[in-house]
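Asks: Mind having a look at this structure? Questions to follow.
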Amino acid sequence: MNIQFKKGVLELCVLAILDKKDRYGYELVNEISKNITISEGTIYPLLRRLKDEGYFTTYLQESQEGPPRKYYRLTELGKETKEDLAREWFSFVAGVNSILKEDQNE
Amino acid sequence: MNKQEFINALQISLKGLPDEEITDIMYDYEEHFTIGMEKGKSEENIANSLGEPNMIGKQYKANYALKQAQAKASTGNILKAIFAGIGVGLFNLYFVLGLFLSLLMLLLSMFAAALLVVLSGASLTLSTFTPALKPLAYALINVPLPLDHHPVGTFFLALGITCSGLLFIFGDLKLARLLYLGTIKYLKFNLKIINKAKGEPLI
């Protein structure tokens, strides 16, 4: 799949996953790579950038299995942005789909 | 590649970033490996899934360079951000580099010209009080002889010239600001940064 598509929607995917509940890094990476083939290493830099820009905050939480884990939590800005982006995405996909359907009908 | 090889390679590729930043970044990957291994994955498997450490490092450096340029829009920071972007594969930035430097040169020459106008005007203005400055003023401006006999007229003319020069300088500073901020905006767009505040569409 086109790398440009992936780059553009990766941010939306991260925000959407965190919207449902807070996650730690490994969890988040796993969720994404379950659904999209991507170089997992590109996700951490993205997380760092989005955190710098205020879309989420991080906190440490003790874990039973080992050292404390760094959790990511969406901020208000993150939530709003996710809503906007998701809306744009759905309308974009609907648009493309209807073009494709017309094309197939011919 | 095993965990230590990956970690080492990543650390090397992050050279140039501030120490706390590097430490913070490495923490993420240490945690990632630890949890991955807890879940039963092998070091090689985890390292493979993560990808090339130097590519990852370049991504961090590009993000950091852009952050620096946004904090302080200096020529150095912008150039660093452009090169970091090229490092991450945004080869169209070569073109941006060329354009930025040419426009910068143009701005500098306009700035120099404006400065000269101010200097000429100022020296002519002052020469109406201080005849000693006349040789300098006349060297800078081609003063027609009749003007020499009208110090008051010359004074106001020269004042006008000085002010135009200052206006030009002011205009140049505005243009420079446009150039710098415009370049940074383009760099952000290239790194596919979502900018909710401006309401820019994602796609």
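The values are calculated or read from the model by the stated rules, or taken from the named source; none is laboratory data. Computed from a predicted model, the values in this text were never measured in an experiment. Reconstructed Cβ throughout: ideal geometry from the backbone, glycine too, with neighbour counts over all protein chains shown. Accessible surface is based on the protein model in full, side chains and every heavy atom, while ligands, DNA and RNA are left aside. Shrake-Rupley method; radii C 1.70, N 1.55, O 1.52, S 1.80 Å.
Asks: Could you size up the charge dipole of the protein assembly as shown around its Cα centre, putting +1 on the beta carbon of Lys and Arg and -1 on that of Asp and Glu, and report it in debye to the nearest 20?
Replies: Details: 33 positive and 33 negative charges, 153 e Å.
With Lys and Arg at +1 and Asp and Glu at -1, about 740 debye.
Asks: Filter the chymotrypsin sites (Phe, Trp or Tyr not before Pro) in region B:109-145 down to the DSSP loop ones having no more than 16 other Cβ atoms within 10 Å, then list what survives. If you can, show how the numbers build up before the last one.
Replies: Numbers: sites: B:111, B:129, B:138; in loops: B:129.
For chymotrypsin sites (Phe, Trp or Tyr not before Pro) across region B:109-145 that sit outside H, G, I, E and B with at most 16 neighbouring Cβ atoms in 10 Å, the list reads B:129.
Asks: What FRET efficiency comes out for residue B:24 versus residue A:19 if R0 is 22 angstrom and r is the Cβ-Cβ distance? Round to the nearest 0.05.
Replies: Details: r = 24 Å, r/R0 = 1.10.
FRET efficiency, residue B:24 to residue A:19: 0.35.
Asks: While we're looking at this one, here's another question. Cα-Cα pairs above 32 Å in the protein assembly as shown: how many percent? All intermediate terms of the calculation are to be shown ahead of the outcome.
Replies: Values: 22465 of 47586 pairs.
Cα-Cα pairs of the protein assembly as shown separated by over 32 Å account for 47 percent.
Asks: In nm, give the distance between the simple-model label positions of residue B:164 and residue A:75, each being 7 Å from the Cα along the Cα-to-Cβ direction.
Replies: Going by the 7 Å Cα→Cβ label model, 5.0 nm.
Asks: Select from B:147, B:119, B:98 the residue farthest towards the positive end of the dipole of chain B; place +1 on Cβ of Lys and Arg, -1 on Cβ of Asp and Glu, and compute about the Cα centre.
Replies: Farthest towards the positive pole: B:147.
Asks: How much of the accessible area of the protein assembly as shown, in percent, comes from carbon and sulfur atoms when a 1.4 Å probe is used? Intermediate results must be reported in sequence, preceding the final value.
Replies: Details: 10910 of 17400 Å².
Here carbon and sulfur together make up 63 percent of the probe-accessible area.
Asks: Provide the net charge surrounding residue B:80, with neighbours chosen by a C-beta distance below 12 Å and charges set as Lys +1, Arg +1, Asp -1, Glu -1.
Replies: On the way: positive: B:61, B:67, B:72; negative: none.
Result for the neighbourhood of residue B:80: +3.
Asks: Taking a quarter of the surface of the Cα convex hull of region B:20-59, what do you get in nm²?
Replies: Working: hull surface 11.2 nm².
The orientation-averaged projected area of the Cα hull of region B:20-59 comes to 2.8 nm².
Asks: Over chain A, with a single point scatterer placed on each C-alpha, what log10 of the ratio I(q)/I(0) does the Debye formula yield at q = 0.16, 0.19, 0.21 1/Å?
Replies: Cα-only, vacuum Debye calculation for chain A: -0.76, -0.99, -1.15.
Asks: While we're here: Mind checking region B:1-50 for trypsin sites (Lys or Arg not before Pro) that DSSP puts in a loop (not H, G, I, E or B) and that have at most 13 other Cβ atoms within 10 Å? Numbers along the way, then the final one.
Replies: Values: sites: B:3, B:15, B:39, B:41; in loops: B:39, B:41.
The qualifying sites are B:39.
Asks: To continue, here is another question. Probe radius 1.4 Å, ligands and nucleic acids left out: can you give me the accessible area buried at the A-B interface, summed over both chains, in Å² to the nearest hundred?
Replies: Details: alone 7560 and 12950 Å², together 17400 Å².
The A and B chains share an interface burying roughly 3100 Å².
Asks: Output the relative contact order of region A:19-91, whole-number percent, from Cα pairs under 8 angstrom with separation of 6+ residues. Intermediate values should be presented prior to the final figure.
Replies: Values: 62 pairs, mean separation 24.6, N = 73.
Answer for region A:19-91 is 34 percent.
Asks: Where a Cα-Cα gap under 19 Å defines reach, which lysines qualify for residue B:72, not counting those fewer than 8 residues away within the same chain?
Replies: Here the lysines satisfying the reach criterion relative to residue B:72 are B:61, B:80, B:174, B:185, B:188.
Asks: For the pair residue B:178 and residue B:132, what calculated FRET efficiency results from E = 1/(1 + (r/R0)^6), where r is the Cβ-Cβ distance and R0 = 41 Å, to the nearest 0.05?
Replies: Details: r = 41 Å, r/R0 = 1.01.
Efficiency, rounded to the nearest 0.05: 0.50.
Asks: Please work out the Kirkwood hydrodynamic radius for region B:21-153, using every pair of different C-alpha atoms, and report it in angstroms with one decimal place. Mind dumping the intermediate values first?
Replies: Working: mean 1/r = 0.0490 Å⁻¹.
Result for region B:21-153, one decimal place: 20.4 Å.
Asks: Okay, next question. Provide the net charge surrounding residue B:41, with neighbours chosen by a C-beta distance below 12 Å and charges set as Lys +1, Arg +1, Asp -1, Glu -1.
Replies: -2
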